[in-house]
Amino acid sequence: MVLRIPAVAALVEGHRREMVFYRRHGMFLGNVDIAIVNIATPSIQLHLHASGAELELIVSGYTLTYAVLLITSARLGGARGYRRMFQLGLAIFTLASLACGLAPTPVLLVVARVVQGAGAALLTSQVLTGIQLNFQGPARSRVLGLYTAVLSGSAVFGQVIGGVLISADLFGTAWRPIFLINVPIGLCLIVVGRRFLPADGQRGTQRMDLAGVAVLSAALLLLVLPMVLGRDAGWPAWTWVCFAASLLAFAWFVGIERRVGRRGGQPLITLSLLTRKPVVYALISQATTRATYFALLFVLAQYLQAGLHKSATYLGLVLVSWVAAFGVSGPLLDRMPAAIKHRVAPLGTLLLALALAGIGTGAWAGTTSGVLLTTLLGLGGLGYGAAFSSTLTHLTSTVEDKHAPDMSGLFNTTLQVGGVLGVALFGTVYLDLAPNGGHAAAMHGFMVITLMLGAVGFAAAFLSRLAVRSKPTAPSPVSSAPAPTKTAT
C-alpha cells in the first residue's frame, strides 16, 4: 500500500530516512483522503441522507482546513520541531479518520473531516520546503517529478480502493471503510515514525504570527462557507454579508503581515513574494486548474452514479486514466530538453482545457461514458500533470531558498483553496441544474459544467503563459540556504 520511491533515498544521504518517510508515508496518506471521498459522496448521500450543501462540506471541509493550516504548519515545524509536528499530525489524522468512519450524522462527519484536514496539513506541510532546501539543479527536477508521481500514485490508490470498498459494502457498512482503513495504517506509521524519524535539531526562536493565522482563517471561512451553504439557504442576506466581510478580513490580514514585518517578526506570509509577476501568475494559474480538477471529480461522481446509475467501482476505474497520466508527466518532464521545459506549463494547461471542452462536447452529442470519456480524462490528466510539474520547477527556481517555507505554504494553500472554490462554485451550479439526479437533467448539467471548466482551463493556460514570460528573480546561491535543521523541512 505504501508507494516506494527508492530514487529519493539515492539522492539524499544526510537526511535519507526522514525524507523518504515523509514523502512515501505522509504525502501518500494525506492525499489518498482527498481522492477517495469523491467516490463516496453518492453513497454518503444515500445512507446519511445528506443534503447537497452537506456533501460539499464533507468534500471541502477537509481541503479548506488543509489549506488554511498548511502555512501555519510549516512555521510550526521550524518552531516546535518537525518530528513532533509530524507525529502530532498523524495522531490527529488517525483519530479523525475513526470519527469519520463512525459518524452517525452528516454534521458530525463534516466536523470530523475538518479535524482530519488539520492533521493532514501537519503531515504534509514540510515536503516542498525540504525539496527546495535540499536539492538543486537536475536533482531538484527529478525529485519534483517523483513528488508528482507520489500524488498520482496516492490518487490512483484512492480512486480504485475507494470504488472497490464502497461497492463491496462490507458487512453493510457502505462508505465507512474508506475512512476506517486509515486507522490501522495510521497506528502503524506512528510506531514506525517513533523508531525511524530522527530527533529534532535546533528549533527556531521566532514567535508564531497567531494574529495572522486567525485573520487568514476567518477570511477564508467567510469566503467559502456562503458559497457552499448559500444555494440550499436561498442566498439570504448573511451570505452577502460574509462575502463583503471576507474582503475586509483579507485587507486586515495584509495590514497585520506588514506590521509584523516592520517590527522584525516572522510574518505568516512574506507579502513581497506576491509582488513578483512570475509567482502571482503561476499561483493563480495553478489555483484555477486545481479548481477544474476538484470540480470535475465532484460533478463526475454525481453524474455517473446518481445520473447514469454506474457503480462506485466503475467511477474509480474511469478516473484511473486521469491520475495515472498525471503521474507519468512529472518524470517525462525531467527528460525534456531545457530549451522547451519553460513551455510545458502553458501547453499542458491548454491540453487540459481541450480535454475538458471535448468531454463537454461529447456530453452535448450524447456520448458521456466509455472509451471516449476515459481517453479524454487521460489527456486531461496528462496536461494537468505537465502543467503542475513545470510550474513547480518554475516557482522553485524563481524564489530564493530563504523563502522556501513561504513558497511551500503559498503553493499548497493556493492549490487547496482553488479546490475548495471549484467544488463550491461548480458543484453548486451542477446541483442546481440536476437537483434530483435524473438522466436528462444530469446529462445537461454535466455538459454545461464541463464546457465551463474548459473555458476556465483556457484562461488558466493564458495565465501560465504570462508566468513563464515574466522575468524571474534569480534564486540565491546554494550556500545561502538555511540549515535544514532550523527550517521546516
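The values are calculated or read from the model by the stated rules, or taken from the named source; none is laboratory data. A quick note: this is a predicted structure, and the numbers were derived from the prediction, not measured. Using ideal geometry, Cβ is built from the backbone for each residue, glycine included, and neighbour counts are taken over all protein chains shown. Calculation scope for accessible area: heavy atoms of the full protein, side chains included, ligands and nucleic acids excluded. Shrake-Rupley method; radii C 1.70, N 1.55, O 1.52, S 1.80 Å.
How about the range 96-110: which of its residues are surrounded by 16 or more Cβ atoms within 10 Å (Cβ to Cβ), within 15 Å of residue 180 (Cα to Cα) and either within 20 Å of the chain's Cα centre (by Cα) or among the hydrophobic types (A, V, I, L, M, F, W, C) (or both)?
Within the range 96-110, 96, 97, 98, 99, 100, 103, 109 meet the criteria.
What residue, of 417, 399, is among the β-branched types (Val, Ile, Thr), open to solvent by 10 Å² or more (accessible area, probe 1.4 Å) and more than 26 Å from residue 305 (Cβ to Cβ)?
417 is the lone residue from the list that is among the β-branched types (Val, Ile, Thr), open to solvent by 10 Å² or more (accessible area, probe 1.4 Å) and more than 26 Å from residue 305 (Cβ to Cβ).
Output the helices (runs of 4 or more DSSP H) that fall wholly within the range 1-83 and possess 2 or more residues being over 16 Å from the mean Cα position of the chain (by Cα) and at pLDDT 75 or above, or say none.
On the way: elements: 6-11, 16-21, 27-48, 52-80.
Helices (runs of 4 or more DSSP H) meeting the threshold: 27-48, 52-80.
Taking residue 234 as the residue in question, decide whether it is open to solvent by 50 Å² or more (accessible area, probe 1.4 Å) and at pLDDT 65 or above.
It is true that residue 234 is open to solvent by 50 Å² or more (accessible area, probe 1.4 Å) and at pLDDT 65 or above.
Residues to consider are 345, 291, 249; find the one that is of a type in the set (Gly, Ala, Ser), in contact (Cβ under 8 Å) with a residue 24 or more places away in the chain, over 30 Å from residue 213 (Cα atoms) and part of a helix (DSSP H, G or I).
It is 345.
Evaluate the range 301-316: report whether one residue or more is of a type in the set (Phe, Trp, Tyr), in contact with a Gly (Cβ under 6 Å, 6 or more places away or on another chain) and at pLDDT below 85. First the steps, then the outcome.
From the range 301-316, those of a type in the set (Phe, Trp, Tyr) are 303, 314; that's our starting set.
Narrowing further to those that are in contact with a Gly (Cβ under 6 Å, 6 or more places away or on another chain): none.
No; the residues of the range 301-316 include none that is of a type in the set (Phe, Trp, Tyr), in contact with a Gly (Cβ under 6 Å, 6 or more places away or on another chain) and at pLDDT below 85.
Suppose we filter the range 237-270 for residues that are at pLDDT below 80 and either among the aliphatic types (A, V, I, L, M) or touching a His at 6+ places or on another chain (Cβ under 9 Å) (or both); how many remain?
Residues in the range 237-270 being at pLDDT below 80 and either among the aliphatic types (A, V, I, L, M) or touching a His at 6+ places or on another chain (Cβ under 9 Å) (or both): 3 in total.
When the residues of the range 426-440 are narrowed to those that are open to solvent by 40 Å² or more (accessible area, probe 1.4 Å) and in a helix (DSSP H, G or I), which ends up nearest to residue 45 (Cα to Cα)?
432
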